[in-house]
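The structure appears right after this line, and notes come after that.
The values are calculated or read from the model by the stated rules, or taken from the named source; none is laboratory data. Here the structure is a predicted model, which means the values were calculated and not measured. In this analysis, Cβ positions are derived from the backbone assuming ideal geometry, glycine residues included, and neighbour counts consider all displayed protein chains. Note: accessible area is taken over every heavy atom of the protein model, side chains too, but ligands, DNA and RNA are not part of it. Shrake-Rupley method; radii C 1.70, N 1.55, O 1.52, S 1.80 Å.
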Amino acid sequence: MNGVVPQAQRRTLAELDEKLNFSVGDRDSKRSAFWVMLTLSAVIAVAGVVGDSTATVIGAMIVAPLSTPILGVGLGITTGQGALVGRSLVYVVGGICLVVVLGVAFAQVLPNPSNVLTNSQVLGRTSPTLMDLTAALATGLVGAIAIARKDVGDVLPGVAIAISLVPPLAVVGVCLGSGSPSLAVGAFVLFASNVVAMIITATGVFVAAGYARDAGILKTSRRRAYLVLAALLIVVAIPMVGNSLSSLWARQIGSAAQQWLADTPGAEVTDVTWQGSTATIDVLGPETLPPLDELEASIDALIPWNPDVQIVHTVGTRIAAG
């Protein structure tokens, strides 16, 4: 671990505690800065989600201070400071409530809230997959290393953008305020996976860097925390596995449908979606399509069960502009 966190650049335990513990040092300034910046970040994030502005949402990611108490949980687990873990979790939960409430409030003043549910900022955060979890683990690792080292703090804005903590919560609030709890659950799974990944990686880096040894903590005293983190990781991974499989099957069904239409000039598959056990295939093509039995047989050979297949057929063809 010395190559990752060299002794010459390693922060002391006291320095790390000063950065991540809101009850050490100038407590009032730390707490006020956290709440002020989180509130502003939440407003920026919600505005970016509602306005479908990627640049605005990125700005909210950089401003958001929510990673500080999350890393504080990792430090508390590493050093056996149960009080630090508890206080940090209170800040995390309080931050969740603040951002979600603001999202719900913004949704109430929208002229047509249902329109927001189809924009890219919402759709991109409501069906997280295992790739999102992989990215969260890697980003959490970078963030923990950056906070433990004195010489790489300039990467933290990039970590804030990659880990994406506040925007998913903004999506949760907007979706709840727009009457779509199922989309809100998907966005919260993305947020929760990022939080769990950051805590796991932070704990691993801090232990490997010797902070547990500095605090005189034995490995056995962290066993319960490890079990809880492992359980949480499994819980957030389950829906992500489902989304990953759904994406894979949708691509396979799309390929099968395109082959089914291969001998029909001008016909093409425009979209494939899942709802429960039903696969809906949007087809643009002439009035007459091949027998559906052929497509159902191909899909049954791909999917472990026999999903229902629905064809949404739009009669017509694409016309190239120019």
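Okay, here's what the table says:
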| read-out | value |
| --- | --- |
| Dipole-positive endmost among Thr118, Asn306, Val142 within the chain (Cβ charges, Cα centre) | Val142 |
| Calculated [θ] (222 nm, deg cm²/dmol) that DSSP helices of n ≥ 4 give over the chain, each run adding -39,500 (n - 2.57) | -21500 deg cm²/dmol |
| Dipole of segment 3-61, positive direction: furthest Cα of Gly25, Val36, Val57, with charges on the beta-carbon | Gly25 |
| Pairwise FRET efficiency - Gln9 versus Ile238, Cβ, R0 = 41 Å, nearest 0.05 | 0.60 |
| Relative packing of peptides 76-87, 225-236 - highest average C-beta neighbours within 10 Å first | 76-87, 225-236 |
| Cβ charges +1 (Lys, Arg) and -1 (Asp, Glu), total dipole of segment 253-309, debye | 140 |
| Rounded percent of accessible protein surface that carbon and sulfur make up, the chain, 1.4 Å probe | 62 |
| Listed values (1) 22.6, 85; (2) 19.1, 67; (3) 23.7, 75, entry calculated as Rg and Dmax of the Cα atoms in Å | (3) |
| Angle in degrees between helix 67-79 and the longest Cα principal axis of the chain, rounded to the nearest 10 | 60 |
| Solvent exposure of segment 56-171 as accessible area per residue, Å², 1.4 Å probe | 38 |
| The chain, dipole about Cα centre (Lys/Arg Cβ +1, Asp/Glu Cβ -1), debye to the nearest 20 | 1920 |
| Most to least packed among 157-168, 196-207 [average Cβ atoms within 10 Å] | 196-207, 157-168 |
| Cleavage-rule hits, chymotrypsin sites (Phe, Trp or Tyr not before Pro), segment 241-322, DSSP coil, Cβ neighbours within 10 Å at most 14 | Trp305 |
